[in-house]
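Read the structure below first, then the notes.
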Amino acid sequence: MQQIREYSGIRRKIRHTRWVIGCFCLLASAQTLSQQVTIASSGSIPPYVYSESDTGIQLDIVREALTISGHTLKVMYLSNNRGLSFLKTKNVDGVINAPAGASDLYYSESTIEYQNGITVLKSRKLKISDISDLHALRVVGFQNASNYFGEEFKAMSQKNDHYDEVVNQLAQLNMLFRNRCDAIVMDSRIFDHYFNTYKEELGFNQATVFYKILPPSPRYVAFHNEALRDQFNKGLKQLKESGRHQAIIDSYLHQPYEP
């Protein structure tokens, strides 16, 4: 009888130990699932990113995709090059708008497509039908633009002594309207935002022509962790299937934005 009581006591201790271990595992799992995810983004890219309020089309999409996956978003604003450096040293978990092709990173599905093209002043009467027409022009792209549009564009950027890139995209419009360059490389939504916001203040008073010679640019989030990338993709897929993804886009394009 004594042996039976001792055996029962041992079984109760084992069950209790298993319960404690199970609770610990569930707690650890919950903490992992609800971890804060730090994503690097360049400064404001309206209407996609508004750094002063941590909002915008892309940030809202990334935030809600992470929320569906059980995570919270923290945004760190860095230049494109510095963001990639921070990602590779694991000082951030991901980078918005990372150029594709890095073998040591894990890329999400496309969060949105940019429609980049070449904008010129109408008064210049420039005719641009393909990338080869840019070789003789003073062209200003956004930072890292040479890595986004294929080998022909990259070769042009390397051979054209008058090709330049800048971090501040409003500076591209300033250069264009002050005849400090002939053409700028920019997404049409970004151009429209800056033009409509600053046309009176900065004197953007000339008509422009947009040449759609560049393909749409899918924009990804690059992660250093494959499992986190997969969780993000699941949330992003659900966001798209529910119609919420398009609703986010429409909310910024169909009404004035107030930070």
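Of all positions in segment 145-159, none carries a residue that is out of contact with any helix residue (DSSP H, G or I) (no Cβ under 8 Å at 6 or more places or on another chain) and over 27 Å from Ser85 (Cα atoms). With respect to (1) under 30 Å from Ala247 (Cβ atoms); (2) in a helix (DSSP H, G or I); (3) over 15 Å from the mean Cα position of the chain (by Cα), the lone exception for Ser146 is condition (1). When Asn196, Asn205 are screened for being over 30 Å from Ala247 (Cα atoms) and either part of a helix (DSSP H, G or I) or not β-branched (Val, Ile, Thr) (or both), only Asn205 passes.
Within segment 89-118, being loosely packed, with under 15 Cβ neighbours inside 10 Å and outside any loop (DSSP other than H, G, I, E, B) holds for one residue alone: Glu113.
I'd like to know if segment 173-187 contains one or more residues that are modelled with pLDDT under 95, outside the structural domain of Val49 (by TED's automatic domain parsing) and either more than 23 Å from Asn160 (Cα to Cα) or in a loop (DSSP other than H, G, I, E, B) (or both). Checking segment 173-187: not a single residue is modelled with pLDDT under 95, outside the structural domain of Val49 (by TED's automatic domain parsing) and either more than 23 Å from Asn160 (Cα to Cα) or in a loop (DSSP other than H, G, I, E, B) (or both). For segment 230-238, the count of residues that are modelled with pLDDT under 95 and touching a strand residue (DSSP E or B) at 6+ places or on another chain (Cβ under 7 Å) is zero. Filtered by the rule that a residue be under 17 Å from Met175 (Cα atoms), outside any loop (DSSP other than H, G, I, E, B) and at pLDDT 95 or above, segment 132-142 gives Leu134, Val139, Val140, Gly141.
The residue list Lys88, Lys74 contains one member that is over 13 Å from the mean Cα position of the chain (by Cα), in the same structural domain as Phe232 (by TED's automatic domain parsing) and at pLDDT below 95, which is Lys88.
Can you report the number of residues in segment 175-191 which are farther than 10 Å from Val140 by Cβ and in contact with a Leu (Cβ under 9 Å, 6 or more places away or on another chain)?
At the first step, the residues of segment 175-191 found to be farther than 10 Å from Val140 by Cβ are 177-179, 187-191.
Filter once more, so that each one left must be in contact with a Leu (Cβ under 9 Å, 6 or more places away or on another chain): 177, 179, 189, 191.
The qualifying residues number 4.
Scan segment 208-228 for residues that are buried (at least 17 other Cβ atoms within 10 Å of the Cβ) and not in a loop (DSSP other than H, G, I, E, B) and the total you get is 9.
Evaluated against (1) out of contact with any helix residue (DSSP H, G or I) (no Cβ under 9 Å at 6 or more places or on another chain); (2) in contact (Cβ under 8 Å) with a residue 24 or more places away in the chain; (3) not assigned by TED's automatic domain parsing to the domain that holds Asn81, Glu201 falls short on exactly one condition, (2).
The rows are residues; the columns are (1) among the acidic types (Asp, Glu); (2) touching a Leu at 6+ places or on another chain (Cβ under 8 Å); (3) in contact (Cβ under 8 Å) with a residue 24 or more places away in the chain.
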site	(1), (2), (3)
Phe195	no, yes, no
Ala207	no, yes, yes
Tyr220	no, no, yes
Asn225	no, no, yes
Arg229	no, no, yes
Leu239	no, no, yes
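Please enumerate the residues belonging to segment 56-88 that are among the aromatic types (Phe, Trp, Tyr) and not in a strand (DSSP E or B).
At the first step, the residues of segment 56-88 found to be among the aromatic types (Phe, Trp, Tyr) are 77, 86.
Correct list: Phe86 only.
Number of residues in segment 149-172 that are within 16 Å of Pro216 (Cα to Cα) and not in a helix (DSSP H, G or I): the value is 1. When segment 36-55 is examined, which residues are found to be at pLDDT 90 or above, assigned to a loop (DSSP other than H, G, I, E, B) and surrounded by fewer than 24 Cβ atoms within 10 Å (Cβ to Cβ)? Within segment 36-55, Pro46, Pro47, Ser51, Glu52, Ser53, Asp54 meet the criteria. Screening Ala145 with (1) closer than 19 Å to Pro46 by Cα; (2) at pLDDT 95 or above gives one miss only, at (2).
The values are calculated or read from the model by the stated rules, or taken from the named source; none is laboratory data. Only a predicted model underlies this, so the values are computations on that prediction, with no experimental measurement involved. Glycine gets a Cβ as well: all are built from the backbone with ideal geometry, and neighbour counts include every protein chain shown.
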